[in-house]
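J.: One structure follows; several queries about it will come next.
The values are calculated or read from the model by the stated rules, or taken from the named source; none is laboratory data. What you see is a predicted model, and the numbers here were worked out from it, not measured in a lab. Virtual Cβ from ideal backbone geometry, glycine too; neighbours counted across all protein chains shown. All accessible areas refer to the heavy atoms of the entire protein, side chains included, with ligands and DNA or RNA removed. Shrake-Rupley method; radii C 1.70, N 1.55, O 1.52, S 1.80 Å.
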Amino acid sequence: MMTEKPVDEESVILVDEHDNVIGTMPKMEAHLAGKLHRAFSVFIFNTNGELLLQRRADDKYHSGGKWTNTCCSHPRLGEETLEAAHRRLNEEMGMECNLEYGFNFTYHAELASGLSENEYDHVFFGISNQEPHPNAQEVSEFKYINMTMLEEDIKARPELYTEWLKICFNRIIEYYNRYLFKKP
């Protein structure tokens with residue numbers, strides 16, 4: 001299983017507010033400078049409608065030890081975002097799954113150690129009962145959780161979750177209810 005390059009070697013794609021490419025920058029530099037860059041988030045549900053969460057490895061360069069969506073990262077220059085989402089799902093969680101584009105959103109969040117996330121985030125969804133085989137350098141543990149229970153826990157203990165998950169959660173529930181597990 002491949003892993004992401006060390007954070008000081010990886011670059012991100014800088015974009016404008018319409019997701020047009022305007023350049024590249026080393027990942028750490030972009031997070032220190034708060035530059036808007038392209039990212040993606042993957043949300044995998046099992047057929048019971050439970051979301052597969054991962055707890056980020058403790059030594060990740062930011063948000064270590066926090067619970068988050070199934071996987072997320074940044075596409076490489078010249079790599080289609082969907083292709084990057086498949087690559088990272090395999091690298092982080094040891095899984096393959098058909099992914100469907102859901103929506104995108106832009107967010108900015110201040111993180112510890114002077115870092116910030118300023119991302120144009122493409123969100124993908126999938127449904128799979130495949131057993132994950134996570135990469136221990138990326139993921140310390142995983143679990144499936146009911147969306148109602150997750151919503152309640154995020155409200156009760158927000159410090160346990162990544163900023164981007166909290167920011168987009170209402171849109172995730174809306175998409176979940178409207179398209180994945182339709183409610184009358």
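J.: Can you find, among VAL139, THR106, GLY49, the residue farthest towards the positive end of the dipole of the chain? Put +1 on the C-beta of Lys and Arg, -1 on that of Asp and Glu.
T.: Towards the positive end, the residue furthest out is GLY49.
J.: Now a separate question. Ordered by residue, what ³J(HN,Hα) values in Hz, to whole numbers, does the range 17-33 give under the Karplus form 6.51 cos²θ - 1.76 cosθ + 1.60, where θ = phi - 60° and Gly and Pro are x?
T.: 5, 10, 6, 7, 5, 10, x, 10, 7, x, 3, 5, 4, 5, 6, 6, 8
J.: I'd like to know which of LEU165, PHE40, HIS62 lies farthest towards the positive end of the charge dipole of the chain, counting +1 on Cβ of Lys and Arg and -1 on Cβ of Asp and Glu.
T.: Selected residue: LEU165.
J.: OK, next. Which value at 222 nm does the chain reach when only helices count, each DSSP H run of 4 or more adding -39,500 (n - 2.57), with the total divided by all residues and rounded to the nearest 500 deg cm²/dmol?
T.: That calculation yields -7000 deg cm²/dmol at 222 nm.
J.: Dipole magnitude of the chain about its Cα centre, charges +1 at Lys/Arg Cβ and -1 at Asp/Glu Cβ only, in debye to the nearest 20?
T.: 500
J.: Which value, in debye to the nearest 20, describes the size of the charge dipole of the range 64-107 about its Cα centre when Lys and Arg Cβ atoms bear +1, Asp and Glu Cβ atoms bear -1, and nothing else is charged?
T.: In total the dipole reaches around 220 debye.
J.: Still on this structure: Tell me, in nm to one decimal, what length is gained between GLU80 and ASN170 on full extension, where the rule is 0.36 nm per residue of separation less the Cα-Cα distance?
T.: Taking 0.36 nm per residue and subtracting the Cα distance, the gain is 29.8 nm.
J.: Give me the percent of the accessible area of the chain that comes from carbon and sulfur atoms, probe 1.4 Å, all protein chains in place.
T.: 48
J.: A follow-up question, please. Using a simple charge model, +1 on the beta-carbon of Lys and Arg, -1 on the beta-carbon of Asp and Glu, nothing else, what dipole does the range 1-109 show about its Cα centre, in debye to the nearest 20?
T.: 260
J.: Another one. Which sequence of GLU92, GLU141, GLU131 reflects their accessible areas, 1.4 Å probe, from the largest down?
T.: So the residues, ranked largest to smallest area, are GLU131, GLU141, GLU92.
J.: Which value, in Å², gives the accessible area per residue of the chain when a 1.4 Å probe is used on the protein heavy atoms?
T.: Computed with neighbouring chains in place, this is 48 Å² per residue.
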